[in-house]
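To keep things clear, I will list the structure first and then write my remarks on it.
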Amino acid sequence: QNINNDINNNNNNINIPIYQLALAGAIATGLGDAAVHPLDCIKTLQQSDEFMGTTIPQAVAILVSQSNGGVAGFYRGLGTYVFTDAVAGAIKFGTYETLKQQQQQQQ
């Protein structure tokens, strides 16, 4: 209720705890990474020495081949990628939003 009143009154001084800001940054970064990871796999494969110059359909065929684990080949290494990037996203978003709140309070 209070948040809705603050938004309707154009009050931008809502203080959100840093852990919630960091969590939001981690979730957003993790979801974004998971969404584009297959595209990143294709790009990385095309840039490798062994498969330089392959087309996108050829890269997809290589990634989903039985030797790469089928469709799961698109998601190989996703856990580590999401974890490390989510930590970075939490730090960046939490820091940025906290500094922005402090700046707004000083004005």
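The values are calculated or read from the model by the stated rules, or taken from the named source; none is laboratory data. Because the structure is predicted, anything quoted here is derived from the model rather than measured. Backbone-built Cβ (ideal geometry, glycine too); neighbour counts: all protein chains shown. Note: accessible area is taken over every heavy atom of the protein model, side chains too, but ligands, DNA and RNA are not part of it. Shrake-Rupley method; radii C 1.70, N 1.55, O 1.52, S 1.80 Å.
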Per the filter on region 5-48, residues open to solvent by 90 Å² or more (accessible area, probe 1.4 Å) and at pLDDT below 85 are Ile7, Asn8, Asn9, Asn10, Asn12, Asn13, Asn15
Count of region 70-88 residues which are over 16 Å from His37 (Cα atoms) and open to solvent by 40 Å² or more (accessible area, probe 1.4 Å):
1
Answer yes if at least one residue in region 49-65 is surrounded by 10 or more Cβ atoms within 10 Å (Cβ to Cβ), within 18 Å of Thr29 (Cβ to Cβ), β-branched (Val, Ile, Thr) and in contact with a helix residue (DSSP H, G or I) (Cβ under 7 Å, 6 or more places away or on another chain), and no otherwise.
no
With the requirement that a residue be open to solvent by 100 Å² or more (accessible area, probe 1.4 Å) and hydroxyl-bearing (Ser, Thr, Tyr), what does region 89-107 give you?
Tyr96
Under the condition of being of a type in the set (Ser, Thr, Tyr) and over 11 Å from the mean Cα position of the chain (by Cα), which residue from region 69-107 is farthest from Leu21 (Cα to Cα)?
Tyr75
